[in-house]
Each structure stands twice: as structure tokens, then as C-alpha cells.
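The values are calculated or read from the model by the stated rules, or taken from the named source; none is laboratory data. Please read these numbers as outputs of a predicted model, since none were measured by experiment. Virtual Cβ from ideal backbone geometry, glycine too; neighbours counted across all protein chains shown. For the accessible areas, the whole protein counts, side chains as well, though only heavy atoms, and no ligand, DNA or RNA atoms are used. Shrake-Rupley method; radii C 1.70, N 1.55, O 1.52, S 1.80 Å.
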Amino acid sequence: MRRRLLPSGWHLLLLPMSIVTVLPFVWMVLSSLMSQAELNRFPPPIWPEAVDLGGYRTVLEGSDFPRWFLNSVLISGSIVAAQVVLCGMAGYAFARIRFVGSRLVLVLVIATALIPFQLTVIPTFLIFNEAGLTDTLGALIVPQLSSAVGIYLMTSFFQSFPRELEEAGRIDGCSRFAVFFRVVLPVAKPALAALAVITFITAWNDLFWPLVVINSEEKYTVQVGLTTFQGQHRADWPAVMAGTVLTTLPVLGVFLFGQRRFIQALTGAVKG
């Protein structure tokens, strides 16, 4: 008990690093409670002189932020569900099914993660424009239905998955699909949770592609909506900070909820 209470060398190293990491979030919350006049001072005060909720009122009552928030939830939720299923199936296929050129195909799929999206944004936009999907929520969902990172993560997990469980299911008369959905997926919850967390954070924080493909304000995501509080010559900083706080809460909640399984899956992927 006494050993647990005494700090170790790692605690002395991690404590200042944790403080440095948390400080921007603390400043963000405090700034959202300040007035425009306080934030315009130089240097701005560290602590608000009085709690001012004007920024939150502007975000929640003076804009379409609730609709933007709902759009982001719908888009991120659809992308997470699609990647969990599609990347899970692709990862299982690469880990268990051997076909001619399977290793080469896997390497090519992983190599696509090295290509910046900015290099493919023009042909992607032209394809969606020809298909009539621009300025729709579908244009934000379809490009992220699967990902090279998700396929690699699931492949690494399934390579370390015990084959005995699959063979037991096959002996019981299950098909390959039945083995995958009834035997493999229930055991793969840590990897699926890690994939869901990574996918949700990536989809929720996406700004570049929605700015390119969405024109209607009612179809904005929260990230695009936050840019409306910043003009060319003036910015409503209390509203920006309040909107940032509300936008960060879902990401923080998802990560804290899946933190343990996230670490388990990453450890398994590294070992695999």
C-alpha cells in the first residue's frame, strides 16, 4: 500500500507532460466563459472576471449549431458502422484467405494510406459531381466507408487470432460467414472498439472535404459551422470557444468510453 502511494520516476515525468497537455483544454473552457471584451485584451486574462454565457447563447440560439451537430452525429455514426463491418471483413479475408497476390494487394491497400487526400480531392470531387452527390450528406459518408488504416488494424488483430476457435465452429457446421459473425466478431471487440474510436474521431474532426463538397448551410458539420463565427475582419471568440467546447465533448466521451479496449487493440496490433 505504501509503495502505491509513493510516486515513481515515471510519475515525475508524466505529471508535467499531462499538465502541458491539459492546459489548452482548460484555457478553451475558461475562454468560452469570457466576454468579447475580455478576450480582445492583450494579454487576455487567465480567469474570467465574471461568468458570461453569451458565447453559448450565440451558438445554441443564434445559429444552426444543433442541426450541424446532428449532421455530424449521423455522418460519423454511419462511417463508424460501415468501417466496423467492411474493414472487419476485409481484415479477416487478408488474414485467413490465401489467394494469388493476396500479400501484394494488402501492401497496395496499406500504401494508399501514404497518399495525402489533398492529391485526390479533385478527381474525387469530379466523380461525386458527375454522380450528383455534391452538397449531400452522402458525399461525406461514401469516401470514408473503409480505410487502409482500419484494414491494417483488423488484419493485424486477426493474424494473432487463435485458429482453434474457427475450426471448432466449422466442425459444428458453420459456414465461413457464420464463423466470422458468430465466433470471430464477438472475440474481436477490442479491435473493433479501437477501430470505432479512431474512425469516429477522424470523421468528426474532418474539415477539408466538407468545405469542398458542401455548400448549403443546413448540411454543414460542426467543424464547418465553427468557421461561420470567424469573419474576414472580426471573430466572435466567445462563440468560437463555446462551439469548440461543445464539439470536443463527444470526442472526449467516445475516447474515455473506449480507452481500455483501444489500448488492448493497439497492443495486439503491434504484437501481430
ask   = Which Cα, out of 158, 144, 119, lies furthest along the positive dipole direction of segment 85-203 (beta carbon charges, K/R +1, D/E -1)?
value = 158
ask   = Given only helices, namely DSSP H runs of n ≥ 4 each adding -39500 (n - 2.57), what is the per-residue ellipticity at 222 nm of the chain, to the nearest 500 deg cm²/dmol?
value = -21000 deg cm²/dmol
ask   = Got a sec? Charge dipole of the chain, +1 on Cβ for Lys and Arg, -1 for Asp and Glu; which of 171, 40, 91 is way out at the positive end?
value = 171
request  = Let me know the charge dipole size of segment 21-104 about its Cα centre in debye, to the nearest 20, where only the beta-carbon of Lys, Arg (+1) and Asp, Glu (-1) is charged.
outcome  = 780 debye
ask   = If R0 is 35 Å, what FRET efficiency do you get for residue 35 and residue 134 from their C-beta distance, rounded to 0.05?
value = 0.30
message = Out of the trypsin sites (Lys or Arg not before Pro) in segment 150-242, which ones are loop residues according to DSSP with at most 16 other C-beta atoms within 10 Å?
response = 234
query = By the gyration tensor of its Cα atoms, with a ≥ b ≥ c the square roots of the eigenvalues, what is the shape of the chain: rounded for a/c under 1.5, prolate for a/b over b/c, or oblate?
reply = oblate
key: Overall form of segment 107-150 per C-alpha gyration tensor (a/c, 1.5; a/b vs b/c)   = prolate
inquiry  = Given a 1.4 Å probe and heavy atoms of the protein chains only, how would you sort 56, 92, 152, largest accessible area at the top?
reply    = 152, 56, 92
ask   = Which loop GluC sites (Glu not before Pro) in segment 6-105, with loop taken from DSSP, have no more than 15 other Cβ atoms within 10 angstrom of their Cβ?
value = 49
task = Report the calculated FRET efficiency for residue 86 and residue 51 (r = Cβ-Cβ distance, R0 = 41 Å), to the nearest 0.05.
result = 0.35
query = If you wrap a convex hull around the Cα atoms of segment 79-138, how much volume per residue is inside, in Å³?
reply = 123 Å³
remark   = For segment 1-126, shape from the Cα gyration tensor axes a ≥ b ≥ c, cut at a/c of 1.5 then a/b versus b/c, turns out oblate
request  = Using per-residue counts of other Cβ atoms within 10 Å, averaged over each peptide, order 100-110, 17-27 from highest down.
outcome  = 100-110, 17-27
query = Quick one: putting +1 on the C-beta of Lys and Arg, -1 on the C-beta of Asp and Glu, what dipole do you get for the chain around its Cα centre, in Debye to the nearest 20?
reply = 1400 debye
